[in-house]
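Everything on this sheet refers to the single structure shown next.
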Amino acid sequence: MVEEIRCDADFLFLRMSPSWMFVDDLRRFVESFCAASCPGVDREEQLALAAHELVQNAIAYASAPGVELKLQLDRETGRVRVSVTNAADPEHT
């Protein structure tokens, strides 16, 4: 038997000009947000790692300061959407 764990839909949006020193803090914040939003699901470490890697890439390949992180937890579908955007050099798109 598979137990379905439901949580309320939550949305996190951050716009920042991060530096490398804050990437690990961002990972911990995302992990905490996911754990608080959906207790008992135990996927917060994986989601935090995904956000961490995406933000690292956004910083590394940005052509201008500014990164946006969006994280949406959808209780209806049981899915999570993580997206990170930045301004990138055309050679990196």
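The values are calculated or read from the model by the stated rules, or taken from the named source; none is laboratory data. What you see is a predicted model, and the numbers here were worked out from it, not measured in a lab. Note that each Cβ is placed from the backbone with ideal geometry, even for glycine, and that neighbours are counted across all protein chains shown. Ligands, DNA and RNA are excluded from the accessible area calculation, which covers all protein heavy atoms including side chains. Shrake-Rupley method; radii C 1.70, N 1.55, O 1.52, S 1.80 Å.
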Scanning the stretch 8-35 residue by residue, the ones that are open to solvent by less than 80 Å² (accessible area, probe 1.4 Å), over 12 Å from the mean Cα position of the chain (by Cα) and closer than 16 Å to ASN86 by Cα total 3
Review point. Quick check: is even one residue across the stretch 23-37 of a type in the set (S, T, N, Q) and either modelled with pLDDT of 90 or more or touching a Ser or Thr at 6+ places or on another chain (Cβ under 7 Å) (or both)?
Key: yes
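Hey, does the stretch 49-68 have a residue that's polar (S, T, N, Q) and under 17 Å from ASP10 (Cα atoms)?
Going through the stretch 49-68, the residues polar (S, T, N, Q) turn out to be 56-57, 63.
Adding the requirement that they be under 17 Å from ASP10 (Cα atoms) leaves none.
Checking the stretch 49-68: not a single residue is polar (S, T, N, Q) and under 17 Å from ASP10 (Cα atoms).
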Pairing a residue in the stretch 9-37 that is within 11 Å of LEU73 (Cβ to Cβ) with any residue that is surrounded by fewer than 16 Cβ atoms within 10 Å (Cβ to Cβ), where Cβ atoms lie under 6 Å and the two sit 6 or more apart in sequence or on different chains, gives ALA9/ASP74; ALA9/ARG75; PHE11/GLN72
Selection over the stretch 36-84 where residues are open to solvent by 70 Å² or more (accessible area, probe 1.4 Å) and part of a strand (DSSP E or B) yields a count of 5
Those residues of the stretch 53-93 that are in contact (Cβ under 8 Å) with a residue 24 or more places away in the chain and more than 17 Å from the chain's Cα centre (by Cα) come to a total of 9
